[in-house]
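Below is one structure; the comments refer to it alone.
The values are calculated or read from the model by the stated rules, or taken from the named source; none is laboratory data. Bear in mind the structure is a predicted one, so any value in this text is a computation, not a measurement. No Cβ is skipped: glycine too gets one built from the backbone with ideal geometry, and neighbour counts run over all protein chains shown. These accessible areas exclude ligands, DNA and RNA; they are computed on the full protein's heavy atoms, side chains included. Shrake-Rupley method; radii C 1.70, N 1.55, O 1.52, S 1.80 Å.
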Amino acid sequence: MLYQANHRSYRKKANYKPLVFFLILLGLAGIAFFFRQDIKNLFAGDRRLLLEKERKLLQEGIVKGEPKEGEIKEFKSTAKDFVTSNPKEGISYHYAALSGYYEFLLLGFRFDSVTLSKIAYTGFQEFLEQDSSYLPLVEDSYRQALRAQAIDPEFLESTDNRYLIAFGESIRQKLSRSALNKLLISIEPEKLSPELKSGYAWTCLVGSALSGNTEFLKKILSQQDISGSLLLSARESDFLIALSEFRAGQYVSSLNYLRRVKNINEDFLTGSSKILEARIFYYQNLSPKAIVLLEEYYPSSGDRKEEVLNLAREILSKNQTLKTKLPVED
């Protein structure tokens, strides 16, 4: 073969760079696999710190009764990622439970005195029938809190987590009232996080009014550091005590409180007190007096006319000799 003068011939050198790069990647992958739990814990720690930081941001809005959608949605997203990366950690499910509770508040539920009085009177069933969108969020929060407790014994003693379970039980109405009351009494309010305290006071008052635990109800009402944020009026407090006494079968005491609640304003408290008073007389075998009370209230009962008529029908069905001016046959 002929070559030109001064021409240098080169044999092509082998390129080992891709192989070296591949070996480095393989080594890094091996190290990552070997230390995978340490790496996972490192990022988990970062997410946990992030969740606590986000929680502190949204606490202020919730305490003021002004939950912020952006902050709650961000917390929920971070909590979801945390559960995915740490499915065997109780804290993961606790954060998920909190995110469901926060989202429940975002729907517009408020721990105020008006809602308190109505639900203490009717129970949760009527409330849930009016708006069923709350229930899935409560159910999810409740179940996540139960998972946290099942996975990690630490959460058996966690005040916040136990409150989330108690709140879920209150809305779901699957636990007996006495059992719910015991659960609420076992929670130490001073250990609750700030954004959960008003909800705890509200749930305690509803639970005790529904279960007839007047002693616990009065205790919560007397502790202004717990119930003060609900801004209950004296009439509202008396109404709750009257409901509790009624459910405890203490009818005379209940009537005394109901008569303090009634006034010239035909508001919810006055109307409810009149209907409850009639029911107490019915339970005391004073059906004629109960019917008279219902007849007197009916003309001014407004949108509660059907409630009045239903009670009248119930009384008349047990006392068929009684007569009434009420349109019970319509």
Given the structure, is residue 128 closer than 19 Å to residue 107 by Cα, modelled with pLDDT of 95 or more and assigned to a helix (DSSP H, G or I)?
no
Examine the range 84-95 for a residue that is assigned to a helix (DSSP H, G or I), open to solvent by 50 Å² or more (accessible area, probe 1.4 Å) and at pLDDT below 95, and state whether such a residue exists.
yes
Please report, ordered by residue number, the helices (runs of 4 or more DSSP H) entirely within the range 186-231 with at least 2 residues that are buried (at least 18 other Cβ atoms within 10 Å of the Cβ) and touching an Asp or Glu at 6+ places or on another chain (Cβ under 9 Å).
197-211
Report yes if some residue within the range 135-157 is over 27 Å from residue 55 (Cβ atoms) and among the charged types (D, E, K, R); otherwise report no.
no
The correct count of residues that are aromatic (Phe, Trp, Tyr) and either farther than 29 Å from residue 64 by Cβ or surrounded by fewer than 21 Cβ atoms within 10 Å (Cβ to Cβ) (or both) in the range 232-251 is 2
Subset tally (residues that are of a type in the set (Lys, Arg) and surrounded by fewer than 15 Cβ atoms within 10 Å (Cβ to Cβ)) for the range 290-314:
1
How about the range 96-118: which of its residues are part of a helix (DSSP H, G or I), open to solvent by 10 Å² or more (accessible area, probe 1.4 Å), farther than 17 Å from residue 136 by Cβ and out of contact with any Ser or Thr (no Cβ under 8 Å at 6 or more places or on another chain)?
114, 115, 118
